[in-house]
């Protein structure tokens, strides 16, 4: 055996249909497209959602709601997560850069500090928003909750 007589395993290669190569090919004449109609012609393409004249699904289903273009999305970070970071990495001042370095946010995410969990030490947190319970928990331990404008 050498490189000149290597072949793929039997049945592992499937050859594509050679369409429109005459009657002898077995795929001649209409070239597997059937007889007449738009689908048999070249250049055919149907519109997305078109159902052959039947009322399409996207028009049968009722519409509701709207998309508020002024909505501000926040990434929620709970106090127990912050406390875990403070204990493991000995951090006392938390800001956008610290959250980004520790993989809690990415890019230009806005941060909201949420109140789940307990604090075991004094920390200072700078974020875009705070829940009332989170702000209370931080300030009870003697920390500062600063809002980024």
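Considering only DSSP beta bridges with both partners in the chain, what is the antiparallel share in %, to the nearest 5? Given both bridge residues lie in the chain, the antiparallel proportion sits at roughly 5 percent. Sorting the Cα pairs of region 74-147 by distance into bins of 5 Å, from 0 upward, gives 3, 18, 34, 28, 14, 3, 0 percent per bin.
What the Cβ-Cβ distance of residue 102 and residue 16 gives, at R0 = 41 Å and to the nearest 0.05, is a FRET efficiency of 0.20. Once the Cα atoms are used to define both axes, helix 79-89 deviates from the longest principal axis of the chain by about 80 degrees.
The coefficient of translational diffusion for the chain, derived via Stokes-Einstein from the alpha carbon Kirkwood radius under 25 °C and 0.890 mPa s, stands at 109 µm²/s. A crude spin-label estimate for the pair residue 149 and residue 44, with each label 7 Å from Cα along the Cβ direction, gives 6.5 nm.
Look at the alpha carbon pairs under 8 Å that are at least 6 residues apart: their mean separation over the length of the chain gives a relative contact order of 15 percent. Each residue, residue 89 and residue 68, gets one label point 7 Å from its Cα in the Cβ direction; the gap between the two is 3.2 nm.
Spatial offset of region 28-49 relative to region 85-149 amounts to 62 Å, using the alpha carbon center of each.
Taken together, the values in this text are just the output of simple stated rules run on the coordinates, not laboratory data. None of these values were measured; they are calculated from a predicted model. Glycine also receives a Cβ, built like all others from the backbone with ideal geometry; neighbour counts cover every protein chain displayed.
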